[in-house]
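Just so it is clear, none of the values below were taken in a lab; they were calculated from the coordinates. Just so we're clear, the structure is a prediction, and the values are computed from it rather than from any experiment. Cβ atoms come from the backbone with ideal geometry, glycine included; neighbour counts cover every protein chain shown.
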């Protein structure tokens, strides 16, 4: 610090600008020794190569990081693509599932409708057959009752008068019952 202040004073006291040529005052020897020593120590410690190696390692690490980053970005893009494909497949499966459910429901509906129609037709046929049987039984019972009544009337008339007119009436009644019986079948 004192050297600087003396140099500053010298410059201020002189009337112009001048260069100090005194080697001892300017401390050139000390600076040369210091620079030489630093250069020698720098080279002997291989600081330059160590820094160069350190720089190369850092560059290598940065390049590896960039490579891993690029791989990660690529994998992310592939994963996103696979995710979108999976979502499309899921939507298709859901759509197909809904369609399959609808088809199954429609098929079940159609089968149930056919089965109900078949059962209804069978029940209607059974009822018609029963109705025919009942009507036939009623006709037979009516015919039987009519015959019994006619026979009873004829017997009473035949006992009362034994004429041909009652026989003729009985034969005509039997014929009518026979015709009615044939029409009902």
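Worth a mention:
- Extension gain, residue 117 to residue 30, is 19.2 nm, computed as 0.36 nm per intervening residue step minus the present C-alpha separation.
- Distance between the range 31-92 and the range 99-159 - C-alpha centres, whole angstrom: 97
- Cα-projected label distance for residue 100 with residue 60, points at 7 Å along beta-carbon direction, nm: 5.7
- Between residue 73 and residue 140, residue separation times 0.36 nm minus the direct Cα-Cα distance comes to 14.3 nm.
- Global form of the range 46-184, assessed from the alpha-carbon gyration tensor, a/c cut-off 1.5: prolate
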